[in-house]
Amino acid sequence: MDSKIVIIPTYNEKENIENIIRAVFSLDGGFHVLVIEDGSPDGTAAIVKRLQEEFPDRLFMIERKGKLGLGTAYITGFKWSVEKKYDYIFEMDADFSHNPKDLPRLYETCANEGADLAIGSRYCNGISVINWPIGRVIMSYYASVYVRTVLGMKVYDTTAGFKCYRRRVLETIDLDKVKMKGYGFQIEMKYSTYKLGFKIKEVPIIFVDRTEGTSKMSSGIFGEAFWGVMKLKFRKIKQK
């Protein structure tokens, strides 16, 4: 059986973390979970440690000292997962905005439909977002249009954070050269995958905004993504 690991970055997710871990472990397919915990003061790490006693062979955690950014959390998780030789490596939020039941669909798209990167996409079949203010929907949708136009990448949801990579993609990208830290990180990783010739496929999902905990979105995150895209346009993407 293919080995599969779901990377979940956390900062103050005590309301969600146990439920999301149990939801992943309830699926068929033997998914493992790696939590990247950024020093949450709310006790998220303690909850994960308690669950590790119940799932010692499937649940792992890397604790970092302080909030170091989404991009660096995933890079840390990617390097760990590649070192452990997982075949398929997933990104997923802790807050149930990504439905764990869609994980097998992303896996099937890579394992059986030839994709190297499967993206859980909010925009490949119209707009599939629930509970977002209309202003945020418009900003997110047109951010993807902007990225698609500037970079020439045929991906509808360029900022999506629900993904499945084949290990060889993450082995090929020079992860130490990834520059962007916030949601721009998601764009940069997709663009690197695209420029290196890997096959990307979008899988339609319904994105539901969090009902528990606090969003980590900020205007600075969008600013980094906007200017970072212009820089990406002129950067040479080299493999590792």
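Here, each number is a calculation from the coordinates, and none is a lab measurement. This structure is a prediction, so every number in the text was calculated from the model and none was measured. Cβ: placed from backbone, ideal geometry, glycine included. Neighbour counts: every protein chain shown.
Distance between the 7 Å Cα→Cβ label points at Lys199 and Asp57: 3.3 nm.
Taking a temperature of 20 °C and a viscosity of 1.002 mPa s, what whole-number D in µm²/s does Stokes-Einstein yield for the chain with Rh from Kirkwood over alpha carbon pairs?
Calculated translational D: 120 µm²/s.
Please say if the stretch 69-164 is rounded, prolate or oblate, where rounded means a/c under 1.5 for a ≥ b ≥ c the square roots of the C-alpha gyration tensor eigenvalues, and otherwise the choice is prolate for a/b larger than b/c and oblate otherwise? Verdict is prolate for the stretch 69-164. Tell me, how many Å apart are the Cα centres for the stretch 1-54 and for the stretch 132-210? Result: 23 Å between the Cα centres. Estimated from helical segments only, the mean residue ellipticity of the chain at 222 nm is -12000 deg cm²/dmol, where each DSSP H run of four or more residues counts as -39500 (n - 2.57). Seen from Asp176, the other residues with C-beta closer than 11 Å to its C-beta sum to a net charge of +3, counting Lys and Arg as +1 and Asp and Glu as -1.
For the pair Trp227 and Asp209 in one chain, pulling the backbone fully straight at 0.36 nm per residue adds 3.9 nm over the alpha carbon distance. In terms of the mean number of neighbouring beta-carbon atoms within 10 Å, the peptides 163-171, 90-98, 105-113 order highest first as 90-98, 163-171, 105-113. Span-like helix criteria (full DSSP H runs; alpha carbon extent of at least 24 Å along the helix axis; mean Kyte-Doolittle hydropathy of at least 0.0) are satisfied in the chain by 134-151.
Quick check on my link table: of Lys199/Lys238; Lys85/Lys233; Lys190/Lys236; Lys65/Lys231, which ones sit more than 26 Å apart, alpha carbon to alpha carbon? The answer is Lys85/Lys233; Lys65/Lys231. Once you list every other residue whose beta carbon is under 13 Å from the beta carbon of Lys49, what net charge do they have if Lys and Arg are +1 and Asp and Glu are -1? Here the charged neighbours net out to -3.
Per-peptide packing, taken as the mean over residues of other Cβ atoms within 10 Å, places 176-188, 8-20, 44-56 in the sequence 8-20, 176-188, 44-56 from highest down. A straight chain from Asp42 to Val145 at 0.36 nm per residue would run longer than the Cα-Cα distance by 33.4 nm. Other residues lying with their Cβ under 10 Å from the Cβ of Lys240 contribute a combined charge of -1, Lys and Arg counting +1, Asp and Glu -1.
Simple spin-label estimate for Ser3 and Lys67 gives 3.4 nm between the two label positions (7 Å along the Cα-to-Cβ direction from each Cα).
A Cβ-based charge dipole, computed about the Cα centre of the stretch 4-233 with Lys and Arg at +1 and Asp and Glu at -1, lands at about 800 debye. Relative to a virtual label point 7 Å from the Cα of Glu18 in the Cα→beta-carbon direction, which members of the stretch 45-65 show backbone nitrogen distances below 20 Å? From the stretch 45-65, the list is 45-62.
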